[in-house]
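Colleague: Before I ask anything, here is the structure I am working with.
What follows draws every value from the coordinates through simple rules; no lab data is involved. Not measured: the values here are computed from a predicted model. FYI the Cβ positions are ideal-geometry reconstructions off the backbone, even for glycines, and counts take in every protein chain you see.
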Amino acid sequence: MQNCFIQFSTKWYCRLFIALAQFVAFAAHAEISYEQEVADCRKISSFAAAGDKYYKLNEYAKARAQYEQQAAWSESCQLSEQKITTAYNNVALTYIHEKNYLKARAWLGIAANDKKSVFNLNKINSQIEAAITQQSGTVEGQYWQYAGKSLWNIFSIKQKEQQYEFSFDGYYAGLMAMYYGPNMGSFSALLPVNNATARYNMAEASDGDFDCIYHFTITDAELIVEREAGTSCGFGHNVSAEGTYLKVEF
């Protein structure tokens with residue numbers, strides 16, 4: 001795993017950490033046999049069955065943990081799109097039963113054009129709109145962007161006096177992430193928010209070790225993160241903070 005925290009790392013330390021992590025992952029890869037990978041892929045049906053068992057018992061958190069494993073391993077083992085999307089929908093259904101419609105929306109949005117996703121999303125559209133409308137104009141919340149292997153890039157925004165703390169935890173789930181973990185990256189910054197926008201200059205916060213500049217636009221339902229400039233953000237390989245995030249908590 002690769003993780004470089006902006007508020008604590010220097011550039012040389014971050015690069016050394018990433019290089020060592022890549023070497024360890026490469027060395028460990030040789031230890032995973034084809035037979036082991038095949039055996040692990042055969043466990044997917046067991047995760048699905050365990051999820052179904054807990055689902056029927058109305059133990060939705062336990063069911064979700066199994067379905068998330070089903071989804072992650074289905075991606076890792078490169079199953080059909082239909083089987084992977086079924087796993088996403090299984091997770092979403094556990095959130096629907098818990099009336100957590102915004103997190104259900106996030107999972108259904110991973111494969112939004114699939115007929116199962118469309119069907120389940122249509123069933124909860126009114127609840128989603130009601131949840132968003134109820135908290136209209138609220139900057140605070142948690143925002144998700146799918147990173148693969150049942151992992152989510154997450155922005156959390158919390159008000160602190162006259163400013164807001166933006167906390168980011170991001171991932172890149174590579175081909176062997178189920179064995180060696182994902183690449184990671186994080187930062188936390190206290191920023192002013194004006195007209196639902198904010199700006200973060202890493203160079204100012206890291207004494208010049210990192211040069212990325214991010215612009216944030218916050219709507220009732222989404223957080224849009226754009227990188228204005230810079231190439232050195234201090235994250236693990238292929239980890240990125242930019243893109244559109246869905247609000248899942250207020």
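Colleague: Using per-residue counts of other Cβ atoms within 10 Å, averaged over each peptide, order 90-100, 112-122 from highest down.
Modeller: Ranked from most to least packed, the peptides come out as 90-100, 112-122.
Colleague: In a Gaussian network model over the chain where Cα atoms closer than 10 Å are linked, find which of Ala71, Ala111, Ala173 has the largest mean-square fluctuation.
Modeller: Maximum among the listed residues: Ala111.
Colleague: Work through the residues other than Lys62 whose Cβ is under 14 Å from its Cβ and net out their charges, Lys, Arg +1 and Asp, Glu -1.
Modeller: Computed value for this residue: -1.
Colleague: Can I ask one more? If the elastic network links every pair of Cα atoms under 10 Å, which of Ala39, Ala177, Ala130 fluctuates the most in the Gaussian network model of the chain?
Modeller: Looking only at Ala39, Ala177, Ala130, the largest GNM fluctuation is found for Ala39.
Colleague: Among the aspartates and glutamates, select those whose C-alpha is under 13 Å from the C-alpha of Lys116, and discard any that sit fewer than 8 residues away in the same chain.
Modeller: Glu81
Colleague: If the convex hull of the alpha-carbon atoms of the chain is projected onto planes in all directions, what is the mean projected area in square nanometres?
Modeller: One quarter of the hull surface, i.e. the mean projection, equals 14.5 nm².
Colleague: Sequence-distant or interchain residues sharing an amide H contact under 5 Å with Val248, placed H: which?
Modeller: When sequence neighbours closer than 5 places are left aside, the close amide H contacts are Gln142, Tyr143, Trp144.
Colleague: Right, something else. Please list 3J(HN,Hα) in residue order for segment 94-100, calculated via the Karplus relation 6.51 cos²θ - 1.76 cosθ + 1.60 where θ = phi - 60°; whole Hz, with x for glycine and proline.
Modeller: Values, residue by residue: 5, 5, 4, 5, 8, 6, 9 Hz.
Colleague: Name the residue, out of Glu35, Glu228, Glu140, whose mean-square fluctuation peaks in a Gaussian network model built on the chain with Cα pairs under 10 Å.
Modeller: Glu35
Colleague: Any idea what Rg and Dmax come out to for segment 199-250 if you just take the C-alpha atoms, in Å?
Modeller: Radius of gyration, then largest Cα-Cα span, for segment 199-250: 12.2, 34 Å.
Colleague: Report the equivalent ellipsoid semi-axes for segment 136-249 in whole Å, largest first, defined as the square roots of five times the eigenvalues of the gyration tensor built from alpha carbon atoms.
Modeller: Taking √(5λ) for each eigenvalue gives 23, 18, 11 Å, largest first.
Colleague: Could you run the Karplus curve 6.51 cos²θ - 1.76 cosθ + 1.60 with θ = phi - 60° over segment 204-209 and give me ³J(HN,Hα) per residue in whole Hz, x for Gly and Pro?
Modeller: 5, 7, 10, 6, x, 5
Colleague: Then there's this: Check Leu151: other-chain or 5+ apart residues with amide H under 5 Å from its amide H, H built from backbone geometry?
Modeller: none
Colleague: List, in order, the whole-Hz ³J(HN,Hα) value for each residue of segment 71-81 obtained from phi through the Karplus relation with A = 6.51, B = -1.76, C = 1.60 and θ = phi - 60°; use x for Gly and Pro.
Modeller: Calculated HN-Hα couplings, in order: 5, 4, 6, 5, 5, 4, 8, 6, 5, 5, 4 Hz.
Colleague: Now for a different question. Report the gain in length on full extension from Asn238 to Ser188: 0.36 nm times residue separation, minus Cα-Cα distance, nm rounded to one decimal.
Modeller: Stretched fully, the Asn238-Ser188 segment lengthens by 16.1 nm.
Colleague: For q values of 0.34, 0.35 Å⁻¹, compute log₁₀ I(q)/I(0) with the Debye formula on a Cα-only model of segment 186-225, without solvent.
Modeller: -1.18, -1.21
Colleague: Could you sort out which of Lys62/Lys83; Lys53/Lys247; Lys123/Lys149; Lys43/Lys115 sit more than 24 Å apart by Cα distance in this structure?
Modeller: Beyond 24 Å between Cα atoms: Lys53/Lys247; Lys123/Lys149; Lys43/Lys115.
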